[in-house]
Amino acid sequence: MNKEIRVACLYRVSTKKQIEENDIPLQKNACREFIDKMEGWKLTEEYLEKGVSGYHKSAVQRDILQQIKLDAEKSLFDVLLVFMFDRLGRREDETPFIVEWFVEQGIDVWSVKEGQQRFDNRVDKLLNYIRFWQSGGESEKTSIRVKEKHKQMVEEGRFRGGSPPYGYVLVESGIKNRKGYSLKKLAVDGRESEVVKTIFSLVTEHGYGGHRIAGYLNENKTLTKKGNLWTADAVMTLLKNPVYKGYYVSGKRQSGRGERKRTTAENWIYSSKAIQELIIIDEKIWNRAEEIRESRKNNIGKYPKQTKGPLLLIGLAKCGCCDTAMASRYALKKWTRKRDNKELQYLQPRYLCQGRSTKIICTGQRSFSQNKIDPVVLEEIYNYLDRLREIDLSSKISNMQDILVKNTENDLSDIKTSINKTEKEIELLSIEIIRCLSGESDFTPELLSKIIEKKESELKKLKSKEEKTKNKLGFVLKRGNSFAELQKKISNWRKEFEKAPTEVQKMLLSKLIEGVFISSGSIDIRFKFDIFNLQ
């Protein structure tokens, strides 16, 4: 009597669409029909992987595949059957070795469409690798096509689908897709768009952070689109969305081998131009809000971290002795009013050096009265503005800009050279893997895969650096106009400043001042640009 051959089947689909199109039943029926044709074969186990990518997910991240390996070690089946071998995975750097691992455990690996995978000689190993190398290439091409389609849709200003962001609603676009479904597009929601404008105003004019804005909205009974209370995270997500300045974006998250992570803004893909009907926030205001957020996040100190309290220079004031940031302190002052002998008291705001509390040796004066600091600083600022009004900065700015542009272009050229070199190295290493499998190389496939992975990581970093340098070049080209724009606003700036609340004054000062260094008998104001000594 022939021994019964126990068969386990793996069915896998990568996407939700494949699940909806009943792709698993197709695999299941094909495998069962194949088993019926094989003498002595009996189906004993079926494993299902729904919505799991065999390209983006590594073997260790696939729970079902790990379970199959455990069951193989327990000898629970004799044959592992799949519809096609790519159901086991599509990664040339690991899937061929997974197939080989099953065979080493005494498990025969079969495909309905491709037959049995054997390892009787080196040619078998090479064919096994080439199969998954081709499969990985197909997945990579598919991924590239999908990304390119999304990229083109975004660049052309077309809505890609999904739920509308706060401030927008979905309306009929008047366009139908190939299947006859009516497509939607975004339109500005009148009520919500006013809330969006308020949020950006609170950041750029009042210096509010995410927590203060959320508190403000909740106190005013303004709910999110889903009817929930606002959180700091929800506010920050809104502030980071370029759609409010009229740009669709793709590439916010990147799917890599075994990971999916959020990318930095400089790597996002934007619409080729602003879509006028989507604009809620002027681009300059949006960019300023982003600059403020990034400054606080990275502790650059370009803007005050918070604008609460009466002290005008918190965030800008530093100890002239130990260079430590000044904190706020309130001294209790008491006096007796002569006319009625009534005892009165008030809290006097003071700047406090934090050096001693952080174990920094500081021998300077520890605290300073606001009344002795703020008026002196304001007087110097007004003198600075008066001088700025009287000079022409155009030629000095042009010379400075030419130097910055040249340096940045040289950096970009060096990065491009490194990218070309790394790409050639990866290409040579890929060829070496095939030589390795045919026994013509001194390297093992595992070692070569690790080296390629390292080089691909280096290439990714170089391309990110290239994109950042390109953005820096664009920023340098735009930056020269900031002085000219500042000069135009100087005539009204003092009036605007004097009538503004303290939190707005702090934000205005952050445009001009790098720091105010305070010590006994000395106040040193350092402006962000020494405009009177530009080379």
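The values are calculated or read from the model by the stated rules, or taken from the named source; none is laboratory data. Remember, it's a predicted structure, so these values are computed and weren't measured experimentally. Neighbour counts are summed over all protein chains in view; Cβ atoms, including those assigned to glycine, are modelled from backbone coordinates with ideal geometry.
Which condition does residue 512 not pass, out of (1) at pLDDT below 60; (2) under 30 Å from residue 363 (Cα atoms); (3) not hydroxyl-bearing (Ser, Thr, Tyr), if it passes all the others?
Looking at each condition in turn, residue 512 falls short on (1).
Residues of the stretch 25-44 being assigned to a loop (DSSP other than H, G, I, E, B) and in contact with an Asp or Glu (Cβ under 7 Å, 6 or more places away or on another chain), which ones?
Answer for the stretch 25-44, where residues must be assigned to a loop (DSSP other than H, G, I, E, B) and in contact with an Asp or Glu (Cβ under 7 Å, 6 or more places away or on another chain): just 40.
Sort out which residues of the stretch 191-241 are within 22 Å of residue 297 (Cα to Cα) and among the polar types (S, T, N, Q), and write them in order of number.
198, 201, 204, 231, 237, 241
Of everything in the stretch 200-234, what is among the aliphatic types (A, V, I, L, M) and either under 16 Å from residue 280 (Cα atoms) or touching a Cys at 6+ places or on another chain (Cβ under 8 Å) (or both)? Give them in sequence order.
202, 203
If residue 195 satisfies every condition in (1) out of contact with any strand residue (DSSP E or B) (no Cβ under 8 Å at 6 or more places or on another chain); (2) within 27 Å of residue 162 (Cα to Cα); (3) outside any helix (DSSP H, G or I) but one, which is the exception?
Here residue 195 clears every test but (3).
Wholly within the stretch 309-379, which strands (runs of 3 or more DSSP E) include no fewer than the required count, namely at least 2 residues that are over 24 Å from residue 501 (Cα atoms)?
326-337, 342-353
Pairs under 7 Å by beta carbon, first residue among the basic types (Lys, Arg) in the stretch 186-208, partner buried (at least 18 other Cβ atoms within 10 Å of the Cβ) and in a helix (DSSP H, G or I), six or more apart or different chains?
No pair meets every condition.
So for the stretch 46-60 (the condition being more than 30 Å from residue 447 (Cα to Cα), assigned by TED's automatic domain parsing to the domain that holds residue 26 and in a loop (DSSP other than H, G, I, E, B)), does at least one residue qualify?
Yes, some residue in the stretch 46-60 is more than 30 Å from residue 447 (Cα to Cα), assigned by TED's automatic domain parsing to the domain that holds residue 26 and in a loop (DSSP other than H, G, I, E, B).
Please go through the stretch 516-535 and give me each residue that is modelled with pLDDT of 70 or more and either under 19 Å from residue 388 (Cβ atoms) or surrounded by fewer than 15 Cβ atoms within 10 Å (Cβ to Cβ) (or both), ordered by number.
516, 520, 521, 522, 524, 525, 526, 527, 528
How many residues, within the stretch 247-295, are modelled with pLDDT of 70 or more and either over 27 Å from residue 460 (Cα atoms) or of a type in the set (Gly, Ala, Ser) (or both)?
20
Restricting attention to the stretch 358-384, which residues are of a type in the set (Ser, Thr, Tyr) and within 14 Å of residue 520 (Cβ to Cβ)?
363, 367, 369
Please enumerate the residues belonging to the stretch 433-468 that are of a type in the set (A, V, I, L, M) and under 30 Å from residue 409 (Cβ atoms).
459, 462
Would you point out the residue of the stretch 490-511, among those that are free of Cβ contacts under 8 Å to residues at least 60 places away in the same chain and under 31 Å from the mean Cα position of the chain (by Cα), that is farthest from residue 527 (Cα to Cα)?
Checking each candidate, the answer is 508.
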